[in-house]
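Derivation of every value follows stated rules applied to the coordinates shown; laboratory data play no part. Just so it is clear, the model here is predicted, and its values are computed rather than measured. All Cβ positions, glycine included, derive from the backbone under ideal geometry; neighbour counts span all protein chains shown.
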Amino acid sequence: MSEQVRTSVTTHCPYCALQCGTRLHHRARGDGPDGARVTVEPDDFPVNQGGLCQKGWTAPAVLRAPDRLCTPLVRDGAGRLAPATWSDALDAVGSRLREIRAAHGPDAVAVFGGGGLTNEKAYLLGKFARLALGTSQIDYNGRFCMSSAAAAGTTAFGMDRGLPFPVTDLADAEAILLAGANPAETMPPLMRHLGRAGALIVIDPRHTPTAQRATLHLRPAPGTDLALALGMLHIAVTEGWYDRDAVQHRTVGFEAAWRRAAAWWPERVERVTGVPVALQREAVRTLCTARRAYVLTGRGAEQHSKGTDTVAAFINLALALGLPGRPGSGYGCLTGQGNGQGGREHGQKADQLPGYRRITDPRARSHIAKVWGVPPEHLPGPGRSAVELLNALGTADGPRALLVFGANPVVSAPDAARVAQSLSRLDLLVVADFVPSETARLADVVLPVTQWAEEEGTLTNLEGRVLRRRRLLSPPPGVRSDLSVLRELAVRLGEPPDRYPDEPRLVFEELRRASEGGTADYSGISYPRLDAGEALYWPCPERPGGPAHPGTPRMFLDGFAHPDGRARFQEVDHREPAETPDDRYPLWATTGRVLAQYQSGSQTRRVPDLLRAAPETIVEIHPDTAARAGVADGDLAWVQSARGRVTARVRLVPSLRTDTVFLPFHYPDDGRANLLTHAALDPRSKMPEFKVSAVRVGPAGPRAASG
Ligand SMILES: Nc1nc2c(c(=O)[nH]1)N[C@H]1C(S)=C(S)[C@@H](COP(=O)(O)OP(=O)(O)OC[C@H]3O[C@@H](n4cnc5c(=O)[nH]c(N)nc54)[C@H](O)[C@@H]3O)O[C@H]1N2
Ligand SMILES: Nc1nc2c(c(=O)[nH]1)N[C@H]1C(S)=C(S)[C@@H](COP(=O)(O)OP(=O)(O)OC[C@H]3O[C@@H](n4cnc5c(=O)[nH]c(N)nc54)[C@H](O)[C@@H]3O)O[C@H]1N2
Ligand code: SF4
Ligand SMILES: [Mo]
């Protein structure tokens, strides 16, 4: 179907933020069915050290998915998506966008991006939105992912880089506190590093494969980490185990933060979280007596309407112990999507310009305007955040057209039924994807684009290290790159073509200049340096005339990014989730991931081995809770919240809390966990509350029918 460009390349896995190093090989024609012609093997790259998870091993199957999109589709008079030529499809989109803009103004067109897009795509998408469309209405699925950690980290440290140190440092720790992450399933090769640390303390309502490998497992009720973190700070201070010297010399704001934590004595924390006092104490003692220790957070602590404050409370704990900025210690958030880090830096966020700059900052605006060759007044202001944007679609003052690049919100956004309704109110929905995702199926125009092994670019992994994605194959005929789609659309909107290079290398050169002087400064990074095998972590400023900057693998060792060099404690207190269980909906439901599926599943549900391993939505439930609900292991159950109902296969889990059920969110239709979730947002980060809703469970399978 597609042509070979090279027989082997060194590149990275297309999925998660660990970005495991891989070697791809293309075997000679005729060697097995089409799908077997590309093979992958792990590379000896530091983050994966020769390991890969099941998803990485099977990633080439998506290149040859039987229903891969290879021709543009345009909805015809009968309402069907019918094949079209590229010029017809692009002309149709261009003229509809011009009409909608003329009738309703530039903010009537919105853009939704993704944290899986390469740096080059994310950058060009932001530029396309602000210049070609002139819209402020752009945001992306990273808002669902790490925005709470980013907001808390920026306040505390003056800047946000998921891990301000390489993952290999973790192996030397004497203790690691992991709050709300399950890397044994979400980033399996990371366990190599975590497993070498002295003690691993896991905070998770479920006894996950990660918790099974922990020294200590704390099992709070979902949505109570903030109380737990306050309580841990309480114990550290009252026992005199904290680092007075670091607090005094490297931070500000301890007193105010402590006043809140002072009210969270261990017995009160036990009442709210369910974590026994002795276990709280043991966890704090283990962490405080370690010379080298890390506090890490994942989505379990972050995806809440108080996610930012929760992360702030864990950062407060880390600061009190003097961890951030101490060699061999620190705080970090485990970024999720392949380019979850780079995706949040180059301007596809509603409030942001490239270089991790604020769109409201006059200096940032004039710098970017200069790089783009326009007056600063030309740049729109901040737009709506992801959930606010989705809710506004098709309303009186909301956008009437939406372009989606790299997301599948019909499955992945909270309160998914409402999202589908919002999309149906649009005058125009355009989706660029390589498979017919659930969102693409609702589109008026679908544009088929290239995949990882067919394109060049860069991504920035969870450590802030910039990596090269390399091309093994040319794409199938009929498929174009996201960059060329953006360029073609821009031209149809009256823009000069040379403003939108479709060559990744050229986009990166412009991105370097745009990022120069910003928080995420890439100006010293180049394709030749990366191709020479240099390990480059941002910030990496250009030094004209001087020796090349080596990049910054470890941040904050000489001080934090605030003008006074000190980190900020944040004054935060516990509060309840937007919704709590009651008589009608007596259980907590929490959501997350299983090993064999990725995100909305639009890629991994097309990989036969993965679909066999994890074919359908399950609901994990304690046997006693299941008995009360009238469901048994393997039955089909319904799970109902105030927003919707999901059908799921029952999996009895004796180690689970009796008040909690868990569902993965990777499946379509009535298996969508997001039919249950609440779109309540964190006021600081606009992160939705994926991790808590109130539900009830009942039988939906044969037993229901017979009973
Ligand atoms: N297999 C697989 N791997 C992935 C992905 C995938 O879809 N599939 N996605 C990638 C992406 S984008 C991301 S963001 C990462 C996410 O990686 P993780 O953060 O590890 O993933 P989750 O499963 O969302 O959540 C982690 C844990 O939080 C727990 N949890 C739920 N509620 C709470 C709570 O209130 N408090 C605490 N402390 N814990 C809670 C859940 O039980 C779960 O075990 O994974 C990346 N890797
Ligand atoms: N209930 C619940 N919901 C959640 C979460 C949860 O824990 N619980 N987690 C949230 C998190 S952390 C995340 S990150 C989101 C992710 O959720 P989604 O945004 O749905 O993520 P994906 O499934 O990765 O969707 C990416 C889509 O873009 C396509 N794609 C991939 N690469 C490219 C590209 O380069 N160009 C183009 N044009 N398309 C591409 C893929 O085929 C896929 O259809 O889900 C969130 N939703
Ligand atoms: S851990 Fe992440 S990057 Fe590594 S193989 Fe698995 S999905 Fe790919
Ligand atoms: Mo994510």
*Within the range 556-597, find all residues whose amide N lies under 16 Å from a label point positioned 7 Å from the Cα of ASP361 along Cα-to-beta-carbon.*
560-565
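What share of the DSSP beta bridges in the range 554-707 is antiparallel, in percent to the nearest 5? Don't skip to the answer; put the middle values down first.
Details: 15 of 24 bridges.
Of all bridge pairs located within the range 554-707, approximately 60 percent are antiparallel.
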*asked:* Rounded to the nearest 5, what % of DSSP beta bridges with both residues in the chain are antiparallel?
replied: 45
*asked:* At 222 nm, what value in deg cm²/dmol follows for the chain if DSSP H runs of at least 4 each add -39500 (n - 2.57) and the sum is divided by all its residues, to the nearest 500?
replied: -8000 deg cm²/dmol
*Cα convex hull of the range 415-537: how many Å³ per residue?*
164
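Let me have the relative contact order for the range 147-333, percent, based on Cα pairs under 8 Å that are six or more residues apart.
On the way: 339 pairs, mean separation 58.1, N = 187.
In percent, rounded to a whole number, it is 31.
First obtain the Kirkwood hydrodynamic radius of the chain from its Cα pairs, then insert it into the Stokes-Einstein equation at 10 °C and 1.306 mPa s, and state the resulting D in µm² per second as a whole number. It would help to have the intermediate numbers written out before the result.
Details: Rh = 25.7 Å.
D, rounded to a whole number, is 62 µm²/s.
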*Binning every alpha carbon pair distance of the range 235-393 at 5 Å from zero, what are the percents per bin?*
2, 7, 12, 15, 16, 12, 10, 11, 8, 4, 3, 1, 0
_Separation in nanometres of the label points that stand 7 Å from Cα toward Cβ, at ASP397 and ALA278_ = 5.9
*Largest to smallest principal axis extent of the C-alpha atoms in the range 529-674, angstrom*: 73, 46, 28
*Largest to smallest principal axis extent of the C-alpha atoms in the range 147-333, angstrom*: 40, 34, 31
*asked:* Testing the spin-label approximation: label points 7 Å from Cα along Cα→Cβ at ASP67 and SER474. State their distance in nm.
replied: 2.9
*Using the scaling law 2.2 N^0.38 Å as the reference, what is the normalised Cα Rg of the range 467-607?*
1.59
_Amide N of the range 414-453 lying under 18 Å from the label point, which is placed 7 angstrom from the Cα of ALA103 along Cα→Cβ_ = 423-430, 444-445
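Determine by what factor the alpha-carbon radius of gyration of the range 267-344 differs from 2.2 N^0.38 Å, reporting the quotient. Each step should come with its number before you reach the end.
Working: Rg = 14.3 Å, N = 78, 2.2 N^0.38 = 11.5 Å.
In units of the globular-protein estimate, the range 267-344 measures up at 1.24.
May I ask you to compute the full-extension gain from ALA256 to GLU509, defined as 0.36 nm times their residue separation minus their alpha-carbon distance, rounded to one decimal in nm?
On the way: separation 253, 0.36 × 253 = 91.08 nm, distance 4.51 nm.
Answer, rounded to one decimal: 86.6 nm.
Under the 0.36 nm per residue contour assumption, what length would be gained going from the current alpha-carbon distance of GLU377 and ARG27 to full extension? Provide the component values of the computation, followed by the final result.
Details: separation 350, 0.36 × 350 = 126.00 nm, distance 5.33 nm.
Here the answer is 120.7 nm.
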*asked:* Suppose we take every Cα in the range 157-213 and form the convex hull; what volume per residue is that in Å³?
replied: 93
*Which translational diffusion coefficient, to the nearest whole µm²/s, is obtained for the range 340-424 from the Stokes-Einstein equation, given a Kirkwood hydrodynamic radius over C-alpha pairs, 25 °C and 0.890 mPa s?*
170
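Below 8 Å between Cα atoms, with a sequence gap of 6+, how large is the relative contact order for the chain in percent? Intermediate values should be presented prior to the final figure.
Values: 1746 pairs, mean separation 135.1, N = 707.
After rounding, I find 19 percent.
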*For the chain, with +1 on Lys and Arg beta carbons and -1 on Asp and Glu, the positive-most of ALA227, ALA92, ILE203 along the dipole*: ILE203
